[in-house]
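Below is one structure, written out as structure tokens; the observations come after it.
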Amino acid sequence: MMLKRSSHKNGHKKTQPFLSDVKELRRRAQTSMEKGAVTSSYGLDPNVAIDLLQTALATEIVCVLRYTSNASAAMGINSSEVKAEFEEHANDELAHLRKIAERINELGGTPNLNPDGLIARSHTQYASGPDLIDMIKENLIAERIAVESYTEMIRFFSDKDPTTRIMLEGILAQEEEHASDMHDLLVAREGRPMLRK
Ligand SMILES: [Fe+2]
Ligand SMILES: [Fe+2]
């Protein structure tokens, strides 16, 4: 058995079994592994963090479905530009979904991809208007909601979980671009900005 020596209060040396330390370290490592990437320095309740990310995940799923549906529905003269934009956004939302699912895993949760109750968990709706303008408007509203909710989440994670915050900042930047893209399409087609939120 390996031994390590440690100083004792009254000056004389006392031998302590090193093995118990190793066992303790292994036990701690095991506990950490069970918790995934969450360490004792993690500044938040991981369950709260996971719950928040689950709503973001649900929102992204709804966004993928809405843009995919819109892209297949976008038809007619001069709609190829809009269709391409919807397709591009659907791919971006899928990438967001994957990133968030990965982070939920790292925090020790299980990404909830269950279609059951999806709309209740999502920040945005699965609304799809009958024509192209309605679709663009619905997407613009959804993107604005996404921008607001990601901004709030970034504030929440702040320096308590910088890894999640940085991931969300990257997603937020893309949601802002999406909102701007939808707004540009609307202005190009309607000739005026949409003031209604
Ligand atoms: Fe997204
Ligand atoms: Fe988006």
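The values are calculated or read from the model by the stated rules, or taken from the named source; none is laboratory data. This structure is a prediction, so every number in the text was calculated from the model and none was measured. Cβ: placed from backbone, ideal geometry, glycine included. Neighbour counts: every protein chain shown. Note: areas computed on protein heavy atoms with side chains; ligands, DNA, RNA excluded. Shrake-Rupley method; radii C 1.70, N 1.55, O 1.52, S 1.80 Å.
Please indicate, with yes or no, whether at least one residue in segment 175-194 is within 14 Å of the chain's Cα centre (by Cα), within 16 Å of ligand 1 (Cβ to nearest atom) and buried (at least 19 other Cβ atoms within 10 Å of the Cβ).
Yes.
Going by what's in this entry, would LEU65 be described as open to solvent by 70 Å² or more (accessible area, probe 1.4 Å), assigned to a helix (DSSP H, G or I) and touching a residue at least 12 places away in the same chain (Cβ under 8 Å)? Can you show your working first?
Numbers: open to solvent by 70 Å² or more (accessible area, probe 1.4 Å): yes; assigned to a helix (DSSP H, G or I): yes; touching a residue at least 12 places away in the same chain (Cβ under 8 Å): yes.
Criteria met by LEU65.
For residues that are open to solvent by less than 90 Å² (accessible area, probe 1.4 Å) and out of contact with any Leu (no Cβ under 9 Å at 6 or more places or on another chain), scanning just segment 106-121, find the one that is nearest to GLU190 (Cα to Cα). Spell out the reasoning first.
First pass over segment 106-121, keeping only residues open to solvent by less than 90 Å² (accessible area, probe 1.4 Å): 106-109, 111-112, 114, 117-118, 121.
Narrowing the set further to residues that are out of contact with any Leu (no Cβ under 9 Å at 6 or more places or on another chain) leaves 106, 108, 114, 117.
Values: GLU106: 45, GLY108: 47, ASN114: 38, GLY117: 36 Å.
For segment 106-121, the residue satisfying everything is GLY117.
From the list GLU143, GLU87, exactly one residue is in a helix (DSSP H, G or I), within 16 Å of ligand 1 (Cβ to nearest atom) and open to solvent by 70 Å² or more (accessible area, probe 1.4 Å). Which is it?
On the way: GLU143 fails: open to solvent by 70 Å² or more (accessible area, probe 1.4 Å).
Result of the check over GLU143, GLU87: GLU87.
If we scan segment 77-84, do we find a residue that is buried (at least 16 other Cβ atoms within 10 Å of the Cβ) and within 16 Å of ligand 1 (Cβ to nearest atom)?
No, there is no match, as no residue in segment 77-84 is buried (at least 16 other Cβ atoms within 10 Å of the Cβ) and within 16 Å of ligand 1 (Cβ to nearest atom).
If ASN70 satisfies every condition in (1) within 16 Å of ligand 1 (Cβ to nearest atom); (2) in contact (Cβ under 8 Å) with a residue 12 or more places away in the chain; (3) open to solvent by 70 Å² or more (accessible area, probe 1.4 Å) but one, which is the exception?
With (1) within 16 Å of ligand 1 (Cβ to nearest atom); (2) in contact (Cβ under 8 Å) with a residue 12 or more places away in the chain; (3) open to solvent by 70 Å² or more (accessible area, probe 1.4 Å) applied to ASN70, the lone miss is (3).
Do we find a residue being more than 16 Å from ligand 2 (Cβ to nearest atom), assigned to a helix (DSSP H, G or I) and touching a Lys or Arg at 6+ places or on another chain (Cβ under 7 Å) anywhere in segment 121-131?
no
Pick out the one residue from LYS160, LYS137 that is touching a Leu at 6+ places or on another chain (Cβ under 9 Å) and not in a helix (DSSP H, G or I). Write out each step before concluding.
Numbers: LYS137 fails: not in a helix (DSSP H, G or I).
None of the others qualify; the one that does is LYS160.
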